[in-house]
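See structure below.
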Amino acid sequence: MLTNPFLRWMDRLYGFIVTIGSNLQSLILLYLRLTWGHQYFVTGLEKLKNIDSTIQFFTNLNFSHPIFHAYEVAIIQTVGGILLFIGLASRLAAIPLIIVTSTILITAHKESLANLSFISDPHILVIQEPFPFLLTALIILAFGPGRISLDALLKRWMNQQPRY
């Protein structure tokens, strides 16, 4: 027990800040999921609508089997974006999104990322278009979708079901 009134006050203040931060966590995760889940969906849908140009892009990047990979990336981004947006199987959906987005970042932006110069100058990495997509998928994988998601709703519902 803290006897010093100043330390007691600081302890309460810090506890208050932690409570606010904990409550903001789900709102921030919701914002990330809605914003970037929607962007993943739109990006994937655009790739499917313009599949010929997507195939051509993958061919120019020297991907093996560009037709397969064009459809694969488009479907993963579309379905993964929907799952992130609604917060269903979010961590599971984040895994292929991370793989696809990392691959796109590494192959399509390899000139910018050569020699690992982004370590000393992170701006080189941050300005790349796929970076916020990758960062969002990594955050959802690490922290989950938050309390405002279908995953959380299903978990609460399952915990209320009787055990046999």
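The values are calculated or read from the model by the stated rules, or taken from the named source; none is laboratory data. All values reported here derive from a predicted model rather than from experimental measurement. For neighbour counting, all protein chains shown are included, and Cβ atoms are generated from backbone atoms with ideal geometry for every residue, glycine included. Quick note on the areas: whole protein, heavy atoms, side chains included, nothing else; ligands and nucleic acids left out. Shrake-Rupley method; radii C 1.70, N 1.55, O 1.52, S 1.80 Å.
Only DSSP H runs of four or more residues enter the estimate; each adds -39500 (n - 2.57), and after division by the residues of the chain the mean residue ellipticity at 222 nm equals -25500 deg cm²/dmol. To put it simply, the accessible area of segment 73-135 at a 1.4 Å probe is 75 percent carbon and sulfur. When the chain is treated as a GNM with alpha-carbon contacts under 10 Å, the residue of 142, 93, 108 showing the greatest mean-square fluctuation is 142. Structural descriptor for the chain: relative contact order 26 percent, calculated from alpha carbon pairs under 8 angstrom and at least 6 residues apart.
Once you sort the root eigenvalues of the Cα gyration tensor of the chain as a ≥ b ≥ c, which label holds: rounded (a/c under 1.5), prolate (a/b larger than b/c) or oblate (the other case)?
Working: a/c = 3.40, a/b = 1.61, b/c = 2.11.
In terms of gyration-tensor shape, oblate.
Accessible area per residue for the chain is 65 Å², calculated with a 1.4 Å probe on protein heavy atoms, without ligands, DNA or RNA. A Gaussian network model of the chain, with springs between Cα atoms under 10 Å, assigns the largest mean-square fluctuation among 17, 139, 148 to 17. Karplus-based coupling profile of segment 54-65, in residue order and whole Hz: 5, 4, 4, 4, 5, 5, 5, 7, 6, 6, 6, 6, with θ = phi - 60° in 6.51 cos²θ - 1.76 cosθ + 1.60 and x standing for Gly or Pro.
Could you list the residues of segment 8-52 with an amide nitrogen less than 17 Å from a label point located 7 Å from the Cα of residue 67 in the Cα-to-C-beta direction? Answer for segment 8-52: 48-52.
Using the Cα gyration tensor of segment 45-123, with a ≥ b ≥ c the square roots of its eigenvalues, what is the shape: rounded (a/c below 1.5), prolate (a/b larger than b/c) or oblate (neither)? Oblate is the answer for segment 45-123, as a/c is 1.5 or above yet b/c matches or exceeds a/b.
Inverting the pair-averaged 1/r between distinct Cα atoms of segment 1-68 gives 16.4 Å as its Kirkwood hydrodynamic radius.
Which percent of the Cα-Cα distances in segment 107-164 go past 18 Å?
Numbers: 926 of 1653 pairs.
For segment 107-164, the share of Cα pairs beyond 18 Å comes to 56 percent.
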